[in-house]
Ligand code: NDP
């Protein structure tokens, strides 16, 4: 291995030994940019890698709120302001019991590369809390969001840091967060949060953007490999949240047959094809569980999750779209998918494939659309929402969707050409990392030692 890379990897591991997700994300990027580092020995002298992997700032804070029983509950809030190299920090907020510093740092780190790939002027950040919104009343959610924003407002602003949603943070939560920000700041700063409701500054097509973007990327990847398409392909999609639902919608529009979706407890397999309207009704309107699907479609089957391997990956499919969470697709599951003849994987979630699963797919020549590139449509559309807010203007759905489509085509082309330049054709994981690293390195050199 390149000596400089080896040194940086050893140092980052020593300094952050307990942060496994963050180390996994850093290692994946660093190993895949080795040919670029070989070509640029001057990077070592300016500690370019060391600066790129260290967050500019990490903020942690106390978030107390009163639940419906009158009890005071205290959670921990985070905002990782990773990089402002090419724009204000930008990245979602996640409310989930699994949230910790390692997960925040990995997501913030991934976000820099993803945002760079969009070609738009946005830096990288991430935040959230170990609060679990599941099973909470609207009042509890509102009080928690207000408490969270009471601290977060000191650190954000439309030209400073612009959070959005992620797991557990949807339009409802963004609304409560925005209301509290406005109340404290006494100013209507529309571009301070994205994923807002359409009645007060949100963008049409933002809700659909990550899922649609994933399918646009998949369409390009399939077309550039023997002119394949989504038509008549069988698709399985993990998760049944924002990303999964709109990936399903666009896949269906392109003539694919989606046969399975899941949530954290298990998956539904419907050989007749998933009834998306029912999934939307269960998940978006009632915040219910995916097994409720069987109340209407008796012919469908439900498989409960028993261990770290989600049962959804044992189902035979042409295309698998992990759209739930990090490390949800293990080596074991990757082997099942390959044995069952999968041709392409599209990462809707962030880092959903474990390191071993990724390596296995690449070694078996399975087309792999990496998260940084394939799910960048969400943040790209958030940037379009910020532009609309600055212009005091609303774009029609088709205009935003067309922009998104163009951005995803550009991202795909950047990944493809970067991989080709380094003789790594069809390795879009390396392509995405190299394309975005190259741009970040230029920006870093241009701005001096900061
Ligand atoms: P949602 O909260 O809307 O949905 C998350 C889905 O994943 C739910 O179905 C949830 O099931 C399931 N899930 C959560 N944790 C686990 C777990 N440990 N194992 C299995 N399933 C799980 O989130 P999003 O759809 O917004 O986000 C999904 C992924 O996409 C995340 O990795 C996020 O970072 C990434 N992403 C999201 C973007 C966006 O615009 N929303 C943009 C780019 C990336 P349950 O209901 O049971 O919890």
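Quick check on this structure: which one of 196, 207 is within 22 Å of the chain's Cα centre (by Cα), within 16 Å of the ligand (Cβ to nearest atom) and assigned to a loop (DSSP other than H, G, I, E, B)? Please lay out each step first, then the result.
Details: 207 fails: assigned to a loop (DSSP other than H, G, I, E, B).
The match here is 196.
Could you check how many residues of the stretch 190-215 are touching a strand residue (DSSP E or B) at 6+ places or on another chain (Cβ under 7 Å) and surrounded by fewer than 23 Cβ atoms within 10 Å (Cβ to Cβ)?
Summing the residues that are touching a strand residue (DSSP E or B) at 6+ places or on another chain (Cβ under 7 Å) and surrounded by fewer than 23 Cβ atoms within 10 Å (Cβ to Cβ) in the stretch 190-215 gives 1.
Restricting the search to helices (runs of 4 or more DSSP H) fully inside the stretch 82-190 and requiring at least 3 residues that are touching a residue at least 12 places away in the same chain (Cβ under 8 Å) and within 20 Å of the chain's Cα centre (by Cα) gives 101-117, 171-185. Please indicate, with yes or no, whether at least one residue in the stretch 148-155 is modelled with pLDDT of 95 or more and within 14 Å of the ligand (Cβ to nearest atom). The answer is no; no qualifying residue exists.
Check the stretch 378-385 and report whether any residue there is without any contact (Cβ under 8 Å) to a residue 24 or more places away in the chain, over 30 Å from residue 430 (Cβ atoms) and within 14 Å of the ligand (Cβ to nearest atom). Among the residues of the stretch 378-385, not one is without any contact (Cβ under 8 Å) to a residue 24 or more places away in the chain, over 30 Å from residue 430 (Cβ atoms) and within 14 Å of the ligand (Cβ to nearest atom), which makes the answer no.
Looking at residue 70, is it without any contact (Cβ under 8 Å) to a residue 12 or more places away in the chain and away from the ligand (no atom under 15 Å from the Cβ)?
yes
Here the condition is being surrounded by fewer than 16 Cβ atoms within 10 Å (Cβ to Cβ), near the ligand (Cβ under 9 Å from one of its atoms) and touching a residue at least 12 places away in the same chain (Cβ under 8 Å); of 316, 265, it holds for 265 alone.
Does residue 344 satisfy being surrounded by 20 or more Cβ atoms within 10 Å (Cβ to Cβ) and more than 16 Å from the ligand (Cβ to nearest atom)? Yes, satisfied.
For the stretch 231-238, the criterion of being surrounded by fewer than 18 Cβ atoms within 10 Å (Cβ to Cβ) and more than 13 Å from the ligand (Cβ to nearest atom) is met by at least one residue.
For the stretch 92-126, the tally of residues that are more than 21 Å from residue 32 (Cβ to Cβ) and more than 12 Å from the ligand (Cβ to nearest atom) stands at 7.
I'd like the full set of residues that are away from the ligand (no atom under 13 Å from the Cβ) and either part of a strand (DSSP E or B) or modelled with pLDDT under 95 (or both), limited to the stretch 352-368. Residues satisfying the conditions are 367, 368.
The values are calculated or read from the model by the stated rules, or taken from the named source; none is laboratory data. Please read these numbers as outputs of a predicted model, since none were measured by experiment. Methodologically, a virtual Cβ is constructed for each residue, glycine included, from the backbone with ideal geometry; neighbour enumeration extends over all protein chains shown.
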